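Asker: Structure incoming, see below.
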Amino acid sequence: MSDFLIYKILLVVGVFTVTLVVAMYATYGERKVAAFLQDRIGPNRAGPFGIFQPLADGLKFFMKEEIIPSVSNKFLFILGPSIAMITALMAGVLIPWGNTLIINGAQYSLQITDINIGILYVFGVVSIGVYGIMIGGWASNNKYSLLGAIRASAQMISYELAMGISIIALIMMTGTLSLGEIVNQQAGGDWNFWNVVYQPLGFLIFIVCAFAECNRAPFDLPECETELVGGYHTEYSSMKLGFYMFAEYINMFISSAVLSTLYFGGYNFPFMNDLGLSHNVITILGTVFLFAKIFFFIFFFMWVRWTLPRFRYDQLMNLGWRVLLPLSIVNLLGTALVLLWIDK
Amino acid sequence: MESLSNRSKVVSNKEMTFLERIYLPAVLSGIAITIKHLFRRKATVSYPEVKREFSKIWRGHHVLKRDDKGAERCTACGLCAVACPAEAITMTAAERKKGEENLYREEKYASVYEINMLRCIFCGLCEEACPKEAIFLTDRLVYTDFARDGFIYGKDKLVEKVDERIDVTVRQTPAVLEFKKHKQLSHNK
Amino acid sequence: MTLYLFYFLSFLAVLSALMVVFSKNPVHSVLYLIITFFCIFGHYLLMNAQFVAFVHIIVYAGAIMVLFLYVLMLLNLNSESEPHKNNTLKFVAVISGCLLMVVLVAALRGTDDMMLQDNGSQVGYVKNLGKVMLTDFLLPFEITSILLLAAMVGAVMIGKKSSNTTTPR
């Protein structure tokens, strides 16, 4: 029992650390990708190729003066970034980071816990995440912040619907809500493809909604600089601002992980069972592959951010309600019909 | 009105086709363009290590030249101040005393000569206007500062040192000298 | 352990529910209501009803309360701008509140024998819940969906009407 506990604690701490480090280096990656896409070099002063830039940024964030506006609601002002950060970190619990490791005959799963409603948990945590933005924006007592918060909430609700329905189509196919099982169903074998092959439309809807849920460009209206100064974090400074930024990058990391888990086979990779390697080696390779997929999606997020201009707010709502929602319902019905037809 | 160049496009507000309305083809072509830039040669010049080459006739920080014997050429005629479109130049004239012949070339000289580098637009009209070949623009940069006072350059910064002469021969090509002979064309613009 | 957790959650739920009513600032009310929802979420988890628990969080805390908060933030209500209510209105409010209380108590009085005995059961799991919903309780389930549809159509009608009057085309 205590062995089990120690292993779980190690896993939790490991996932926590990896999430934070990835989020940290995502900020560096964002700047580098942005620079490269714009024919620049990007940060290259702190250490070789600027790899210590995130540390320098973090240090700067901690050293900055912490300003809490006197007209703000102090408790809620501090609560906002905390909620944003906590909810962002909570979702990583359910991602299957790898298959099982066999050490001394005992199996150790690389997923912290696999509850039978895994997707709902991730979904719930994401939907709570918007409170961080809303509370922070409202507590700042600033018009721009309030508008940013309001935009964030409306955007989240609109896109959660389409996202949820696109996931339901996937769930109908897999017949389970547990992320671990969904990944195992996509394990390599004959004619057993990743879910994206069966659900291309669902994947498209999901990734567009993921962009909107993460408040990433082209849907970054809650913090759009040209209209709202800084959006919901206009009044924030120091590490509280850092938390908001960090939460955004963690969200990006988690949505990339969920995307690769649901649609791209998670830790599975092609021909994994034909290589004749031992179980542990394949598990470790699988984790490496999972991270490769995640990094690709993070890169994709950045790539799109530095390509597409921001949507107008009415366009955003139009896309959410009049395009993505009907499309996802069509996808749902289509999947249901196909499943019925196969059953017969 | 009829277009002369035939390059203008007529803006139409036509209905978008289906392909345009679903955005995806446009999005895909967009990200294809940006990914190409990922592999392009980078335009950045890492400044303190690599310095971008200056143009030969770069117009920067002014210099007040001395003649061959080391005497200041400027006679405080004020033509540069008149020519200056930004009103950046001021000066006070003074009479040369006995025994100062090695310092100033002619009987009149500028006891104070100030250029406000915040006003200066580095157009080079002062250089063009000068009848005495005294003021030139050089390829040196005007450094940044925190206060405005630091940008009013007096004679201490403008007059070249006797032992560190500044070469301005690239700016004194025969064509320029020829042009300067017909002063009535230039500084009274 | 579970019992203490139950008491703690119940205490917190009742306390925050009271704070919903008593707090002056409507936005604070909504935030307290969210805390109440989280306590109820905890209760569902204690009853091993994971599906209901998370759907509760997604729907109520994640969507409906966000909408509430959205509307309240837009209205920017505060104690100064609150319209003064007359006494008849307050009286009616108290009476209807008491009636609701009576209905609730009456409805919950007969639930003693419906108590779930086995706490480790899998009744709350998605599969079992889905089976029960689409076999034994099919009629109420479908009626609920019709009710929701009616509400949605009504909302659309109201929305359409106002847009017609403001921007005639």
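Asker: Considering each of C:MET101, C:MET115, C:MET47 in turn, give the residue that is aliphatic (A, V, I, L, M), farther than 23 Å from A:VAL122 by Cβ and modelled with pLDDT under 85.
Answerer: Working: C:MET101 fails: modelled with pLDDT under 85; C:MET47 fails: farther than 23 Å from A:VAL122 by Cβ.
From the options C:MET101, C:MET115, C:MET47, the qualifying one is C:MET115.
Asker: May I pose another question? Could you say which residue among A:LEU308, A:LEU241, A:LEU262, A:LEU275 is surrounded by fewer than 18 Cβ atoms within 10 Å (Cβ to Cβ), farther than 19 Å from A:THR17 by Cα and among the hydrophobic types (A, V, I, L, M, F, W, C)?
Answerer: Details: A:LEU308 fails: surrounded by fewer than 18 Cβ atoms within 10 Å (Cβ to Cβ); A:LEU241 fails: surrounded by fewer than 18 Cβ atoms within 10 Å (Cβ to Cβ); A:LEU262 fails: surrounded by fewer than 18 Cβ atoms within 10 Å (Cβ to Cβ).
A:LEU275 is the lone residue from the list that is surrounded by fewer than 18 Cβ atoms within 10 Å (Cβ to Cβ), farther than 19 Å from A:THR17 by Cα and among the hydrophobic types (A, V, I, L, M, F, W, C).
Asker: Now, a different point. When you check C:ILE40 against the structure, is it touching a helix residue (DSSP H, G or I) at 6+ places or on another chain (Cβ under 9 Å), crowded, with 19+ Cβ neighbours inside 10 Å, under 25 Å from C:ASN128 (Cβ atoms) and facing another protein chain (nearest Cβ under 7 Å), yes or no? Give the steps one after another, and end with the answer.
Answerer: Details: touching a helix residue (DSSP H, G or I) at 6+ places or on another chain (Cβ under 9 Å): yes; crowded, with 19+ Cβ neighbours inside 10 Å: yes; under 25 Å from C:ASN128 (Cβ atoms): yes; facing another protein chain (nearest Cβ under 7 Å): no.
Spelling it out, it is not the case that C:ILE40 is touching a helix residue (DSSP H, G or I) at 6+ places or on another chain (Cβ under 9 Å), crowded, with 19+ Cβ neighbours inside 10 Å, under 25 Å from C:ASN128 (Cβ atoms) and facing another protein chain (nearest Cβ under 7 Å).
Asker: Here's a follow-up. Which of the residues spanning the range A:113-124 are more than 8 Å from chain C (Cβ to nearest Cβ) and buried (at least 24 other Cβ atoms within 10 Å of the Cβ)?
Answerer: Filtering the range A:113-124 down to residues more than 8 Å from chain C (Cβ to nearest Cβ) leaves A:113-114, A:118-119, A:122.
Listed by number, the residues that qualify are A:GLY118, A:VAL122.
Asker: Could you please give the count of residues in the range B:2-38 that are within 14 Å of chain A (Cβ to nearest Cβ) and over 30 Å from A:ARG40 (Cβ atoms)?
Answerer: We begin by selecting, within the range B:2-38, every residue within 14 Å of chain A (Cβ to nearest Cβ); these are B:16, B:18, B:20-38.
Subsequent filtering for residues that are over 30 Å from A:ARG40 (Cβ atoms) retains B:16, B:18, B:20-22.
Of the residues in that region, 5 qualify.
Asker: Whether any residue in the range B:139-150 is in contact (Cβ under 8 Å) with a residue 40 or more places away in the chain, among the basic types (Lys, Arg) and surrounded by fewer than 17 Cβ atoms within 10 Å (Cβ to Cβ) is what I want to check.
Answerer: Taking the range B:139-150 first, the residues in contact (Cβ under 8 Å) with a residue 40 or more places away in the chain are B:139-142.
Now narrow it down to the ones that are among the basic types (Lys, Arg): B:140.
Checking which are surrounded by fewer than 17 Cβ atoms within 10 Å (Cβ to Cβ) leaves us with B:140.
Yes - at least one qualifying residue is present in the range B:139-150.
Asker: Give the number of residues within the range A:94-112 that are polar (S, T, N, Q) and without any contact (Cβ under 8 Å) to a residue 60 or more places away in the chain. Give the derivation first.
Answerer: Within the range A:94-112, the subset polar (S, T, N, Q) is A:99-100, A:104, A:107, A:109, A:111.
When the remaining residues are screened for being without any contact (Cβ under 8 Å) to a residue 60 or more places away in the chain, the result is A:104, A:107.
The total comes to 2.
Asker: Another question about this same structure. Test of understanding: among B:ILE89, B:ILE135, B:ILE121, which residue is of a type in the set (A, V, I, L, M), free of Cβ contacts under 8 Å to residues at least 60 places away in the same chain and crowded, with 17+ Cβ neighbours inside 10 Å?
Answerer: Values: B:ILE135 fails: free of Cβ contacts under 8 Å to residues at least 60 places away in the same chain; B:ILE121 fails: crowded, with 17+ Cβ neighbours inside 10 Å.
Unique residue meeting the criteria: B:ILE89.
Asker: Quick check on this structure: which one of A:VAL130, A:VAL183 is surrounded by 21 or more Cβ atoms within 10 Å (Cβ to Cβ) and at the interface with chain C (Cβ under 9 Å from one of its Cβ atoms)? Show your work before the answer.
Answerer: Working: A:VAL183 fails: at the interface with chain C (Cβ under 9 Å from one of its Cβ atoms).
Within the list A:VAL130, A:VAL183, the selection yields A:VAL130.
Asker: I've got another one for you. From the list A:MET90, A:MET85, exactly one residue is more than 10 Å from every other protein chain (Cβ to nearest Cβ), in a helix (DSSP H, G or I) and under 24 Å from A:LEU5 (Cα atoms). Which is it? Don't jump to the end; show me each part of the working.
Answerer: Details: A:MET85 fails: under 24 Å from A:LEU5 (Cα atoms).
Just one listed residue meets the conditions, A:MET90.
Asker: List, please: which pairs have Cβ atoms under 6 Å, are six or more places apart or on different chains, and start with a residue in the range B:1-24 that is surrounded by 10 or more Cβ atoms within 10 Å (Cβ to Cβ) and end with one that is modelled with pLDDT of 75 or more?
Answerer: B:LEU19/B:PRO25
Asker: For A:TYR267, all conditions in the list (1) outside any helix (DSSP H, G or I); (2) closer than 21 Å to A:VAL22 by Cβ; (3) within 14 Å of another protein chain (Cβ to nearest Cβ); (4) among the aromatic types (Phe, Trp, Tyr) hold save one; what is the number of the exception?
Answerer: Evaluating A:TYR267 over (1) outside any helix (DSSP H, G or I); (2) closer than 21 Å to A:VAL22 by Cβ; (3) within 14 Å of another protein chain (Cβ to nearest Cβ); (4) among the aromatic types (Phe, Trp, Tyr) leaves (3) as the failure.
Asker: If we scan the range A:1-13, do we find a residue that is buried (at least 18 other Cβ atoms within 10 Å of the Cβ) and within 14 Å of chain B (Cβ to nearest Cβ)?
Answerer: Of the range A:1-13, the ones buried (at least 18 other Cβ atoms within 10 Å of the Cβ) are A:11.
When the remaining residues are screened for being within 14 Å of chain B (Cβ to nearest Cβ), the result is none.
Checked the range A:1-13: no residue is buried (at least 18 other Cβ atoms within 10 Å of the Cβ) and within 14 Å of chain B (Cβ to nearest Cβ).
The values are calculated or read from the model by the stated rules, or taken from the named source; none is laboratory data. These numbers come from a predicted model, not from an experiment. Note that each Cβ is placed from the backbone with ideal geometry, even for glycine, and that neighbours are counted across all protein chains shown.
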